[in-house]
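As structure tokens, the structure follows; a few thoughts come after it.
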Amino acid sequence: MIPENVRSEVDNLRERIRHHNRLYYTEDRIEISDGEYDALMRRLIELESRWPGLASEDSPTLRVGSQPLPRFPSILWDPPMLSLDNVFSAEEFAEFDRRVRQELNLENDPVYSVEPKLDGLAVAIIYENGVLQRAGTRGDGSAGEDVTPNVRTLRSIPLKLTSTSPVDLVVRGEVIFRKNDFEKMNRERESNGQDTFVNPRNAASGSLRQLDSRITSSRPLSFIAYGTAHWPAGISSQSSLFNYLEGLGIPVNPHNIVCRGVDEVESAYHTLEQKRDEFSWEIDGVVIKLNEASLQAEMGTLSRFPRWAAAWKFRAEEAVTRLIDIEIQVGRTGKLTPVAKLEPVFVGGVTVSSATLHNEDELRRKDARPGDMVIVRRAGDVIPEVVRSMGNSEGERGKRFEFPRICPVCGGPVAREEDASAHRCMNPSCPARLRESLFHWGARDALDIEGLGSKLAEQLADRNMVKDVADLYSLTRLQLVSLDRMGEKSADNLLSELQRSLRTNLQKFVAGLGIPGVGRAVSGLLSERYADLNELMDAPVDEFLAIPGVGPVLADNLYRFFHEKITRDVVNRLLSAGFSPQGNSTGDGEKPLLGLTVVFTGGISLSRSDARIMAEKAGAKVTGSVSEKTDIVVAGPGAGEKLQKARKLGLEIISEDEFMRRIK
Ligand code: IVH
């Protein structure tokens, strides 16, 4: 029996969390700090795992994501998800309006719904009986990718509609990043040394189309609805549809405007264009739709566009100029960015003489070459970018730009990151990277050296006192006290911290090296596989590839890091300084789950990747689906099909707590 007070606390927590989700994602307001929100969520997870009988298909705890998929299943759209035809000026819109009035034989000006055109990724969400069942991307309009587990993680999307009567509905809308969420995420990625996203639209698409929904869950995506596949009963206009959706708890755009006739539409267009910088999300124009359902039906659709709607984009702040040359800049994290040097051109209110080409993939896609005429765009405060090359009509085109395989600043090796298009200089003593790598070495997940913060790292690098992390171990007391804000006591403390760090283990040591893509989790896998650093350094690339969780790019980065002269040298000097980091691979450790196949399902408080690593460490094999071959199913609240199947097969089902007990 579940005590009544637990039941009501859970109801109360769920309602409070939903309330804060709604405030943030649909009303743009916050009432509590991130910390308080996390505390509510943690408490709910705790209660749900202690009382599995409280599981519910719409609990906010279900938004944590689940096991990665091998690929996306496809999902069919009928009627298809259409695109929109464009108008480019007031005259063209007047022409559209004339056609509408003529064809519909209207005596009065028609009413239009003028909506901000959101710049994200189109998705449709299927609700049956008011409960979210499936969701997918637009794809080619007739078939998209089924991204249900990912869409479930978006906090602005209700898992259950607020309705007293059962509702079957297919909601269509756009998944977007709010500008502040986008900037915050990019700042965090930058400080973690991860590649940043080019713009909110790319970030939204990249984040939603992840096979591992736990990644989507960690990205603050939003959703705004702009329509439905079919008109709900009793709803006969676009504007009443928005009210109806809002009533069901589905976020709609608060800036939609109802207008009569071309003049009102034109002024709504200008109003929204002027206000675009104030909005929480990016818009790139307006969408104008006939407001009445019956008139839409009468106009009908062509194969790709409806004849009852048009998109009218805002003037892009773009200009054409000549690309003089392409240079590579090396950033603070060692990232190599191709930059176009341009003949100066006036765009978006300023003169621009260089613009980013982002990365090698973008550069290839745009195929911009020296001598080409290129289109340059500057949106708001963002860095100007080259949108497209128009080639060179006046003569032969220049050579295709070859992305460098060595760092143009220091000549060090360059590696491409797994899952990212970024290239990074791997030389830890590259001036562009040095500060970052010193700071990273001292971080908590790495060598955890108290006193080695960003300020100290900066001073050591800028004064040329060290050229890589190995040099930290030959710093003298005299050198240290010469630094700003470094007294004798702090110098002594730092020296003893450095001495202490020599006794670290293989996981922390490898995490500290800053090998692209190799953080705490991957270095943990390596320290499970190798007994010590020498064994790791001499491993062939195939051996890395054989480690579950290590893909080809990562394997290559590891191999290169330990074989390039510059990086191997640093590691050897660290060994001479007194390091001898040991791994956990003794081969005879206790393996309580040896040979067993384990499946995790439902909401458990561990992240799925931590759960997997812990189970594997205990000797188990972890799979995503339940079958006769499964030995143990670890089930948390909200577990559904897999749990049922496990029961049917008579498998052993245990709770997360029991799992923790067994692996201890
Ligand atoms: S209506 C049948 N409304 O723009 C009409 N689309 O360029 C199709 N979009 O695929 C959709 N804001 O992803 C509609 N208020 C809005 C929109 C909108 C953005 C996107 C949508 C569509 C694309 C077409």
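For first residues located in segment 31-49 and part of a helix (DSSP H, G or I), partners that are among the acidic types (Asp, Glu) and surrounded by 12 or more Cβ atoms within 10 Å (Cβ to Cβ) and lie 6+ apart or on another chain with Cβ distances below 7 Å form the pairs Leu47/Glu9; Ser49/Glu656.
Starting from residues that are among the polar types (S, T, N, Q) and over 25 Å from Val622 (Cβ atoms), keep the ones in segment 53-75 and report whichever is surrounded by the fewest Cβ atoms within 10 Å (Cβ to Cβ).
Ser74
Of all residues in segment 104-132, those that are farther than 30 Å from Phe182 by Cα and within 16 Å of the ligand (Cβ to nearest atom) have Cβ atoms under 6 Å from Cβ atoms of residues that are in a strand (DSSP E or B) and of a type outside the set (Lys, Arg), 6 or more apart or on another chain, in Tyr112/Cys259; Tyr112/Ile288. Taken as a whole, the structure places Ala646 among residues that are aliphatic (A, V, I, L, M), within 16 Å of Ser66 (Cβ to Cβ) and in contact (Cβ under 8 Å) with a residue 12 or more places away in the chain.
Might you check whether a residue that is touching a residue at least 24 places away in the same chain (Cβ under 8 Å), over 29 Å from Ser501 (Cβ atoms) and in a helix (DSSP H, G or I) occurs anywhere in segment 613-622? So far as segment 613-622 goes, yes, one or more of its residues are touching a residue at least 24 places away in the same chain (Cβ under 8 Å), over 29 Å from Ser501 (Cβ atoms) and in a helix (DSSP H, G or I).
Screening segment 554-575 for residues that are among the aliphatic types (A, V, I, L, M) and within 25 Å of Leu498 (Cβ to Cβ) and picking the one that is modelled with the lowest pLDDT gives Ile566. Somewhere in segment 84-103, is a residue within 14 Å of the ligand (Cβ to nearest atom) and small (Gly, Ala, Ser)? Scanning segment 84-103, I find no residue that is within 14 Å of the ligand (Cβ to nearest atom) and small (Gly, Ala, Ser), so the answer is no. Name the residue that is farthest from the chain's Cα centre (by Cα), counting only residues in segment 498-522 that are closer than 30 Å to Thr476 by Cβ, of a type in the set (Gly, Ala, Ser) and in a helix (DSSP H, G or I). Across segment 498-522, the extreme among qualifying residues is Ser501.
Out of all the residues in segment 133-161, which are among the basic types (Lys, Arg) and more than 16 Å from the ligand (Cβ to nearest atom)? Steps first, answer last, please.
First pass over segment 133-161, keeping only residues among the basic types (Lys, Arg): 134, 138, 152, 155, 160.
Matches in segment 133-161: Arg134, Arg152, Arg155, Lys160.
Looking at Gly139, Gly144, just one residue is more than 30 Å from Lys275 (Cβ to Cβ) and assigned to a loop (DSSP other than H, G, I, E, B), and that residue is Gly139. Which of the residues spanning segment 333-355 are part of a loop (DSSP other than H, G, I, E, B) and either hydroxyl-bearing (Ser, Thr, Tyr) or touching a Lys or Arg at 6+ places or on another chain (Cβ under 7 Å) (or both)? Across segment 333-355, the qualifying residues are Thr333, Gly334, Gly348.
Of everything in segment 162-184 that is β-branched (Val, Ile, Thr) and within 16 Å of the ligand (Cβ to nearest atom), the residue that is surrounded by the most Cβ atoms within 10 Å (Cβ to Cβ) is Val175.
For segment 202-226, taking the residues that are surrounded by 21 or more Cβ atoms within 10 Å (Cβ to Cβ) and of a type outside the set (Ser, Thr, Tyr), the one that is nearest to Gln296 (Cα to Cα) is identified as Ala225.
The values are calculated or read from the model by the stated rules, or taken from the named source; none is laboratory data. Computed from a predicted structure; not experimentally measured. Please note: Cβ atoms are built from the backbone with ideal geometry, for glycine as well, and neighbour counts cover all protein chains shown.
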